[in-house]
Amino acid sequence: MEVIMKSLPYLFDGLQVTLKVFVIAIIIGFFLGLIVALLRLSPFFILRWIAKFFVDAIRGTPILVQLFFIYFGLNTLEFISLDRMTAGILTIAINAGAYYAEIMRAGIQSIDRGQDEAARSLGLTNVQSMKFVILPQAFRRMLPTFTNQAIISLKDTSLLSVIGIADLTQRGQVQIAATFKAFEIWIVVGVLYFIIIYLLSLLSSFLERRFKLS
Amino acid sequence: MTMIQVRNLMKSFGENHVLKDISIDIAEKEVVCIIGASGSGKSTFLRCLNRLEDITSGHVLIENVDITSKKTNINKVRQEVGMVFQHFNLFPHKSVIENIILGPMKARGVPKIEAEQQARELLGKVGLSEKEKAYPASLSGGQKQRVAIARSLAMNPKIMLFDEPTSALDPEMVGEVLQVMKQLAKEGMTMVVVTHEMGFAKEVADRVIYIDEGLIVEENEPLQLFNNPQNERTKAFLSKVLV
């Protein structure tokens, strides 16, 4: 017990890093996903192809390989120099972005075509129809899947410990090295992840209920 | 004055030639009803009038503006051409009044207060003043369609297109929608109505057009067309729908 109490402050520091990486990565990933989804729905073949290539490449490779490629691979290039934090956030963001792109594409396509036709027949532009009519409905529909992907991304951040980012997992390892209490420390680390993820799903169901009301 | 000119309009979906060669003029304040069997191309024809369907060949002129031309800003033209759909297509995430003010605010840049004031007037006109804050899901089919009409009217269009506006309604709700449309016709709106409501066509239309297999088979004023059809295909169709 004493060991746990002593390690908690260190673990909380790690949790902060985990949350910071997660929040930044998920925001970047969200907008990246949106852009890629819109490219995939664009009328131009070459844009659709680029977007599809990106999604396939990310989905078809393990995230650990992506992390190593970005941190070790890209850094061998002369004109690129990424610190581990940037590389870590970038990996999570790009990975989430590819999955978000697919979720958003499906969500956008699930909206009845009549919605766009109604908006366009009022004289709204393509972009306005997307912004005011299609996306607000699609986002509501996508919320549960979004949360799911966000939770996966949060868990993926634990992989960043392998390139030395001092996140919750890495702090756990350090604490175990210092105390040899693997059993206790890993339980605490697991519980901390669980609490965050549980709060995240609570937030999602709260938002879902709120949207349903309106 | 001619509001709509259609010249040699053709529309194909791949190998399927839906509209073969349609030419017609529709005058200001005229109410034209289009009848025909399902699959005859009548809805496609209507959707070509605001270019919801791309036109394969031919020309469609709205107030002398060729909407088939690449140079035409179709969004500007659509602001003048309202459209009412069979399935209403209200925006489910927006309240009734938000549905109505979206077009004026975003497409025309009307300030919110002004748009809301006009929306309330229109809701009064279609008899739904008390539903301002309701969401589409809580409305009946007839109410939805009346909101949809108000939404189109909010753009102050010069032309209104109706694509089978009562086909998805329960029978007891058809009347309330037709009532609003009759009122519009009386006020001098130029209207093109694809419909199965022969009673409405008879009573309100200035001209009825029978389309079959992508061609205008026959057109005439309603009494003539219904009571004295000239073409055999028109006769066959009418004998099926007029009981």
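The values are calculated or read from the model by the stated rules, or taken from the named source; none is laboratory data. Being a predicted model, the structure only gives us computed values, none of them experimental. Cβ placement follows ideal geometry from the backbone for every residue including glycine, while neighbour counts extend to all protein chains displayed.
The condition of being without any contact (Cβ under 8 Å) to a residue 40 or more places away in the chain and surrounded by fewer than 21 Cβ atoms within 10 Å (Cβ to Cβ) holds for only one of B:Glu176, B:Glu213, B:Glu116, that being B:Glu116. For region B:138-155, which residues satisfy the criterion of being within 14 Å of chain A (Cβ to nearest Cβ), of a type in the set (Gly, Ala, Ser) and either buried (at least 18 other Cβ atoms within 10 Å of the Cβ) or touching a Phe, Trp or Tyr at 6+ places or on another chain (Cβ under 8 Å) (or both)? Selection gives B:Ala148, B:Ala150, B:Ser152, B:Ala154.
Evaluating B:Ser95 against the criteria (1) within 9 Å of chain A (Cβ to nearest Cβ); (2) buried (at least 20 other Cβ atoms within 10 Å of the Cβ) leaves one unmet condition, (2).
Would you say B:Val174 is more than 23 Å from B:Gly103 (Cβ to Cβ) and outside any strand (DSSP E or B)? For B:Val174, the condition - more than 23 Å from B:Gly103 (Cβ to Cβ) and outside any strand (DSSP E or B) - is met.
Suppose we keep only residues that are of a type in the set (D, E, K, R) and facing another protein chain (nearest Cβ under 7 Å) within region A:108-139. Which one would you say is surrounded by the most Cβ atoms within 10 Å (Cβ to Cβ)? Among them, the one singled out is A:Arg120. The residue list A:Ser7, A:Ser42 contains one member that is farther than 23 Å from A:Phe146 by Cβ and either of a type outside the set (D, E, K, R) or assigned to a helix (DSSP H, G or I) (or both), which is A:Ser7. Within region A:46-85, the set of residues being assigned to a helix (DSSP H, G or I) and among the hydroxyl-bearing types (Ser, Thr, Tyr) comprises A:Tyr71, A:Thr76.
Inside region B:182-197, can you point out the residues that are within 18 Å of B:Ser43 (Cα to Cα) and either in contact with a helix residue (DSSP H, G or I) (Cβ under 9 Å, 6 or more places away or on another chain) or not in a strand (DSSP E or B) (or both)? Hits for region B:182-197 are B:Met191, B:Val192, B:Val193, B:Val194, B:Thr195, B:His196, B:Glu197.
Residue by residue, here is whether (1) among the hydrophobic types (A, V, I, L, M, F, W, C); (2) in contact (Cβ under 8 Å) with a residue 24 or more places away in the chain; (3) closer than 28 Å to A:Leu82 by Cα holds:
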| position | (1), (2), (3) |
| --- | --- |
| A:Ile151 | yes, yes, yes |
| A:Lys155 | no, yes, yes |
| A:Leu159 | yes, yes, yes |
| A:Gln170 | no, yes, yes |
| A:Lys181 | no, yes, no |
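Scanning region B:39-58 for residues that are surrounded by fewer than 15 Cβ atoms within 10 Å (Cβ to Cβ) and more than 24 Å from A:Arg120 (Cβ to Cβ) turns up just one, B:Gly39.
With respect to the conditions (1) modelled with pLDDT of 95 or more; (2) more than 16 Å from B:Ile26 (Cβ to Cβ); (3) among the charged types (D, E, K, R), B:Asp163 falls short on a single one, namely (2). Taking residues in region B:1-22 that are surrounded by 15 or more Cβ atoms within 10 Å (Cβ to Cβ), and partners anywhere that are assigned to a loop (DSSP other than H, G, I, E, B) and of a type in the set (Lys, Arg), the pairs with Cβ atoms closer than 8 Å and at least 6 places apart or on different chains are B:Met3/B:Lys158. Scanning region B:56-72 for residues that are within 14 Å of chain A (Cβ to nearest Cβ) and either in contact with a strand residue (DSSP E or B) (Cβ under 9 Å, 6 or more places away or on another chain) or hydroxyl-bearing (Ser, Thr, Tyr) (or both) returns B:Ile62, B:Ile67, B:Thr72. Restricting to region B:99-137, give me the number of residues that are among the hydrophobic types (A, V, I, L, M, F, W, C), touching a helix residue (DSSP H, G or I) at 6+ places or on another chain (Cβ under 8 Å) and more than 14 Å from chain A (Cβ to nearest Cβ). Within region B:99-137, residues that are among the hydrophobic types (A, V, I, L, M, F, W, C), touching a helix residue (DSSP H, G or I) at 6+ places or on another chain (Cβ under 8 Å) and more than 14 Å from chain A (Cβ to nearest Cβ) number 3. Only one of these is buried (at least 18 other Cβ atoms within 10 Å of the Cβ), within 16 Å of the chain's Cα centre (by Cα) and not in a helix (DSSP H, G or I): B:Phe162, B:Phe200. Name it. Sole residue among the options that is buried (at least 18 other Cβ atoms within 10 Å of the Cβ), within 16 Å of the chain's Cα centre (by Cα) and not in a helix (DSSP H, G or I): B:Phe162. Among the residues of region B:156-172, just one is farther than 20 Å from B:Val194 by Cβ and within 12 Å of chain A (Cβ to nearest Cβ), namely B:Asn156.
The condition of being away from chain A (no Cβ under 14 Å), crowded, with 20+ Cβ neighbours inside 10 Å and within 18 Å of the chain's Cα centre (by Cα) does not hold for B:Val81.
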